[in-house]
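K.L.:
Quick one: this structure, given as structure tokens, is what I'll be asking you about.
The values are calculated or read from the model by the stated rules, or taken from the named source; none is laboratory data. Keep in mind that this is a model prediction, so the values were computed, not measured. With ideal geometry, Cβ positions are generated from the backbone for all residues, glycine too; neighbour counts draw on all protein chains shown. Only protein heavy atoms, including side chains, enter the accessible area calculation; ligands, DNA and RNA are left aside. Shrake-Rupley method; radii C 1.70, N 1.55, O 1.52, S 1.80 Å.
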Amino acid sequence: MLKKLILLSLVALMNSALVLGQSTNSASKPDQAIYALIANYAQARENQDSLVLRQILTADVDQLVSTGEWRAGVERAMAGMARSTSGNPGTRTLEVERLRYLTDRSAIADARYVLNNDDGTRREMWSTFVVVKQKGKWKISAIRNMLPAK
């Protein structure tokens, strides 16, 4: 268990360093924390890492995906994420393009969501994350994935 915790911490630090390295000096600490949260989410999805997902999703998280499936609660959301990742193999990237604070404890992050499928096709979408601060840490409370209008 201790080895997993240490490994998880190292992965989170590496992801944070990558995200922070891409941000400008003008990004505030809350902004950087939210960018790191979204990067950690993308990495945890890619690795199907339920331990990290449990740490960064709220218990009452809900996710509306581009197929119209609505996943309410952390268990249903994580099960759906695992199904989706397994059923749609490829490389996922999320790049936050806009961040708006509703309060000092809640924000909305809009991101480009690109799935480069193993078969060579590319799926471009949008994701919106509602994030909340709980016990001093930013967590994902809601996710909305959308296909752009043609």
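K.L.:
What do you reckon, how do Arg71, Arg100 stack up by accessible area (1.4 Å probe), largest on top?
P.N.:
Solvent-accessible surface, decreasing: Arg100, Arg71.
K.L.:
Would you mind computing the Rg to Rh ratio of segment 23-150 from its alpha-carbon coordinates, Kirkwood style for Rh?
P.N.:
Here the Rg-to-Rh quotient is 0.95.
K.L.:
Say each of Glu46 and Arg98 gets a label point 7 Å from the Cα, pointing the same way as Cα to Cβ; how far apart are those two points in nm?
P.N.:
Reported label-point gap for Glu46 and Arg98 is 2.6 nm.
K.L.:
Report in % the part of the accessible area of segment 50-150 that belongs to carbon and sulfur, leaving out ligands and nucleic acids; probe 1.4 Å.
P.N.:
52
K.L.:
Could you give me the ³J(HN,Hα) list for segment 36-53, computed from phi with Karplus coefficients 6.51, -1.76, 1.60 and θ = phi - 60°, whole Hz, x at Gly and Pro?
P.N.:
Calculated HN-Hα couplings, in order: 5, 4, 5, 5, 5, 4, 4, 5, 5, 4, 4, 8, 6, 8, 5, 5, 5, 4 Hz.
K.L.:
Can you send over the solvent-accessible area of Leu99, 1.4 Å probe, protein chains only, in Å² to the nearest 10?
P.N.:
In the full protein context, Leu99 sits at about 40 Å².
K.L.:
Here's something else I'd like to know. Using only the heavy atoms of the protein chains and a 1.4 Å probe, how would Ile108, Ile38 rank by accessible area, largest first?
P.N.:
Ile108, Ile38
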